[in-house]
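Peer 1: Please read through the structure below; I'll follow up with questions.
Only the coordinates and a few stated rules stand behind these numbers; no lab work does. Here the structure is a predicted model, which is why all the values come from computation and not from measurement. All Cβ positions, even for glycine, are placed from backbone atoms using ideal geometry, and neighbour counts span all protein chains on display.
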Amino acid sequence: MARGAYEAGLSVACAYPGTPSTEILEALARFPEVDAQWSVNEKVAFEVALGAAIGGARSLFACKHVGLNVAMDPLMTASYTGILAGFVIVVCDDPGMHSSQNEQDTRWVALYSKLPMLEPASPAEARQYVQEAFKISERYDTPVLLRMTTRVSHTSENIVLQERRVPPRPELERNIPKYVMVPGNAYQRHIFVEQRLRQLQALSERTRFDRIEKGDGKLGFITAGVAYQYLKEHYPDASYLKLGMIYPFCDDKIKAFAKTVKKLVVVEELDPFLEDHLRMLGVKAAAKDPSFRIGELAPELIPAVVAGRAKQEVKVVKRKPRLCAECPHWASFAALKKLDVYVAGDIGCYTLACLPPMSALHSCLCMGAGVTFNEGLRKGAPGKKIVGVLGDSTFVHSGITGLINAAYNKAKGVILILDNSTTAMTGGQQHPATGLTIRNEPTKKLILEDVCRACGVDHVDVVDPKDLEAFRTLLETRVNEDALSVIIARHPCKLLRR
Ligand SMILES: Cc1ncc(C[n+]2csc(CCOP(=O)(O)OP(=O)(O)O)c2C)c(N)n1
Ligand code: SF4
């Protein structure tokens, strides 16, 4: 994906890390010609990259599926403004939730935002599709969604490299009706969006990224992404309509293909996105049992999927995830457990403290909720001892606004920031409080204690959690006070040097 974007003349790339999308920006940061950044969160990343595209530079934003939720506000209106230079949104879904708090099928976002979506089924296609995505973006004045899933993101293939070609930069234009989305202008742009959708429908009918493979005519599949690869292993002689352009739907192509096969089966991971559309079109096709809407498809599941049988859960002994042996989070949670407090948790390595034997983290919803849940839970359960816990990267991502809210609305309690000087959960990326950029260059460093004081917190303390006695005493003191406090538990992640 990164290579393809680079070859297409990509100039600006922004992201916040998230499995399985993180490596795209890490790879792009190796190209000196690309202005690559870790942004503080996905909304910010989206807006900086879109701004660059509206300014005239081919730009890319990458995130995991839940990251796109954070960027949904700018995304929905970016569909109206359109772009000047090409703008590509890469979103990586995680079927099976290998490293995610939920299992979303981002194909619906294309439908909802009326944006075109491409879905590569291999690394070679990822490279090819992203190049085409820039062209579609500029030709149709639209952001383009590129959807990947874990098994396509985390796989490898030999590809032939091409030269980088940078198209001439268009001049920044002052086009108020197009870029100022006040109601009157937005109404006109919505008319444009509907017209564009019809043009994209026509493109979908003729795009070379949908492939028809003629088989013996007995069995035919409509499929896309990694499901196509799995099917080919089991049914090499069948007919295929392999979709590369997921949205808008290519209705004529689907209907024509359906007529060429005796039995038609739609095979897709997660939601019945294609299945429902085929039903709406009146195209008769077999589809998977609803039990397969949960979790990944896998090569060995394909015969049951095609036969319409229900999913048989296979009992396997799973290796449980665990904090590293010398992780500083152990010390923090040992102290929390001793105090027997309800821990409003968040997302990071420390979420693993919910598992036995620790079992010391009691809620985890989304990034930033460690702070806001502290406030909300206290309203719901007055008098209970509650501590909000989140990591340094998560605090910068979306904890700061919650902390301002808590101070402004006179909330009380302790917010514990586990500052291990990295974004450990996703493999150790930099963020503003590490003082280093994506290329490990020194930059302005965000001082967390100054930020917390500026938010209006009553007490801000910095302590090393491995200094067990001092940490435990401080925690106990703050928990028993009627104040809003932040304790920054600072100790580097053990894997940082590696
Ligand atoms: C909206 C969203 N974006 C990205 C992620 C992926 N992710 C999970 S936790 C996390 C940050 C972890 O860093 P930190 O809070 O510092 O905790 P650590 O893992 O270092 O202990 C990220 C980027 C996510 N789950 N949700
Ligand atoms: S990677 Fe770092 S923060 Fe995560 S469990 Fe290991 S030591 Fe702890």
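Results for (1) surrounded by fewer than 16 Cβ atoms within 10 Å (Cβ to Cβ); (2) touching a residue at least 60 places away in the same chain (Cβ under 8 Å), shown as yes or no for each residue.
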| site | (1), (2) |
| --- | --- |
| Asn440 | yes, no |
| Glu449 | no, no |
| Val463 | no, no |
| Glu476 | yes, yes |
| Val479 | no, yes |
| Leu484 | no, yes |
| His491 | no, yes |
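Peer 1: Quick one: count up the residues across the stretch 1-28 that are small (Gly, Ala, Ser) and either without any contact (Cβ under 8 Å) to a residue 24 or more places away in the chain or within 16 Å of ligand 1 (Cβ to nearest atom) (or both).
Peer 2: Counting residues in the stretch 1-28 that are small (Gly, Ala, Ser) and either without any contact (Cβ under 8 Å) to a residue 24 or more places away in the chain or within 16 Å of ligand 1 (Cβ to nearest atom) (or both) gives 3.
Peer 1: May I pose another question? Among what's in the stretch 441-498 and is part of a strand (DSSP E or B) and not hydrophobic (A, V, I, L, M, F, W, C), pick the residue that is farthest from Ala411 (Cα to Cα). I'd like the intermediate steps shown before the answer.
Peer 2: Filtering the stretch 441-498 down to residues part of a strand (DSSP E or B) leaves 442, 459-463, 484-490.
In the following step, the residues that additionally are not hydrophobic (A, V, I, L, M, F, W, C) were identified as 442, 459, 461, 485, 490.
Details: Pro442: 36, His459: 13, Asp461: 18, Ser485: 10, Arg490: 24 Å.
Among them, the one singled out is Pro442.
Peer 1: Let me ask something additional. Just to be sure, is Leu355 crowded, with 20+ Cβ neighbours inside 10 Å, away from ligand 1 (no atom under 13 Å from the Cβ) and of a type in the set (A, V, I, L, M, F, W, C)?
Peer 2: For Leu355, the condition - crowded, with 20+ Cβ neighbours inside 10 Å, away from ligand 1 (no atom under 13 Å from the Cβ) and of a type in the set (A, V, I, L, M, F, W, C) - is not met.
Peer 1: Here is a list of conditions, (1) touching a residue at least 12 places away in the same chain (Cβ under 8 Å); (2) of a type outside the set (Phe, Trp, Tyr); (3) more than 14 Å from ligand 1 (Cβ to nearest atom), and Ile417 meets all of them except one; can you say which number that is?
Peer 2: In the conditions (1) touching a residue at least 12 places away in the same chain (Cβ under 8 Å); (2) of a type outside the set (Phe, Trp, Tyr); (3) more than 14 Å from ligand 1 (Cβ to nearest atom), Ile417 misses (3) alone.
Peer 1: Answer with yes or no whether Val40 is buried (at least 20 other Cβ atoms within 10 Å of the Cβ), aliphatic (A, V, I, L, M) and touching a residue at least 24 places away in the same chain (Cβ under 8 Å).
Peer 2: no
Peer 1: Within the stretch 376-392, which residues are part of a helix (DSSP H, G or I) and surrounded by fewer than 22 Cβ atoms within 10 Å (Cβ to Cβ)?
Peer 2: Once the filter is applied, which keeps residues that are part of a helix (DSSP H, G or I) and surrounded by fewer than 22 Cβ atoms within 10 Å (Cβ to Cβ), the stretch 376-392 yields Gly376, Leu377, Arg378, Lys379, Gly380.
Peer 1: Further, regarding this structure: Given Ala360, Ala407, which one is more than 10 Å from ligand 1 (Cβ to nearest atom) and part of a loop (DSSP other than H, G, I, E, B)?
Peer 2: Ala360
Peer 1: May I ask you to verify whether Ala78 is closer than 28 Å to Leu301 by Cα, part of a helix (DSSP H, G or I) and either away from ligand 2 (no atom under 16 Å from the Cβ) or touching a Phe, Trp or Tyr at 6+ places or on another chain (Cβ under 6 Å) (or both)?
Peer 2: Values: closer than 28 Å to Leu301 by Cα: no; part of a helix (DSSP H, G or I): yes; either away from ligand 2 (no atom under 16 Å from the Cβ) or touching a Phe, Trp or Tyr at 6+ places or on another chain (Cβ under 6 Å) (or both): yes.
Judged against the criteria, Ala78 is not a match.
Peer 1: Quick check: anything in the stretch 350-361 within 16 Å of ligand 2 (Cβ to nearest atom), of a type in the set (A, V, I, L, M) and more than 19 Å from Ser100 (Cα to Cα)?
Peer 2: Yes - at least one qualifying residue is present in the stretch 350-361.
Peer 1: Can you work out which of the residues in the stretch 30-62 that are aliphatic (A, V, I, L, M), under 13 Å from Ser137 (Cα atoms) and outside any strand (DSSP E or B) is nearest to the chain's Cα centre (by Cα)?
Peer 2: Residues of the stretch 30-62 aliphatic (A, V, I, L, M): 34, 36, 40, 44-45, 48-50, 52-54, 57, 60, 62.
With the extra rule that they be under 13 Å from Ser137 (Cα atoms), the set shrinks to 50, 53-54, 57, 60.
So of that shortlist, the ones also outside any strand (DSSP E or B) come out as 50, 53-54, 57.
Values: Leu50: 17, Ala53: 20, Ile54: 23, Ala57: 23 Å.
If we take residues in the stretch 30-62 being aliphatic (A, V, I, L, M), under 13 Å from Ser137 (Cα atoms) and outside any strand (DSSP E or B), then Leu50 is nearest to the chain's Cα centre (by Cα).
Peer 1: Here's a follow-up. Looking for something within 16 Å of ligand 2 (Cβ to nearest atom) and either out of contact with any Leu (no Cβ under 9 Å at 6 or more places or on another chain) or of a type in the set (S, T, N, Q) (or both) - is there at least one such residue anywhere in the stretch 445-466?
Peer 2: yes
Peer 1: Pull up the stretch 332-349, narrow it to residues that are away from ligand 2 (no atom under 16 Å from the Cβ) and in a loop (DSSP other than H, G, I, E, B), then point me to the one that is nearest to Leu416 (Cα to Cα).
Peer 2: So, considering only residues that are away from ligand 2 (no atom under 16 Å from the Cβ) and in a loop (DSSP other than H, G, I, E, B), the one nearest to Leu416 (Cα to Cα) is Val341.
Peer 1: Would you be able to tell me the number of residues in the stretch 82-131 that are farther than 27 Å from Arg198 by Cα and either free of Cβ contacts under 8 Å to residues at least 12 places away in the same chain or assigned to a loop (DSSP other than H, G, I, E, B) (or both)?
Peer 2: Adding up the residues that qualify gives 11.
Peer 1: Taking the stretch 434-452 as the region of interest, how many residues are in contact with a strand residue (DSSP E or B) (Cβ under 7 Å, 6 or more places away or on another chain) and either within 13 Å of ligand 1 (Cβ to nearest atom) or within 12 Å of Ile488 (Cα to Cα) (or both)?
Peer 2: Matching residues across the stretch 434-452 total 3.
Peer 1: Which residues, counting only those in the stretch 293-329, are within 16 Å of ligand 2 (Cβ to nearest atom) and crowded, with 19+ Cβ neighbours inside 10 Å?
Peer 2: Those that are within 16 Å of ligand 2 (Cβ to nearest atom) and crowded, with 19+ Cβ neighbours inside 10 Å: Leu323, Cys327, Pro328, His329.
Peer 1: Run down Phe395, Phe373 and say which single residue is part of a helix (DSSP H, G or I), among the aromatic types (Phe, Trp, Tyr) and within 22 Å of the chain's Cα centre (by Cα).
Peer 2: Being part of a helix (DSSP H, G or I), among the aromatic types (Phe, Trp, Tyr) and within 22 Å of the chain's Cα centre (by Cα) holds for just one of Phe395, Phe373, which is Phe395.
Peer 1: Determine, yes or no, whether Ser79 is under 25 Å from Asp105 (Cα atoms) and in contact with a Cys (Cβ under 6 Å, 6 or more places away or on another chain). Explain how you work it out, then say what you get.
Peer 2: Working: under 25 Å from Asp105 (Cα atoms): yes; in contact with a Cys (Cβ under 6 Å, 6 or more places away or on another chain): no.
So Ser79 does not fit the description; no.
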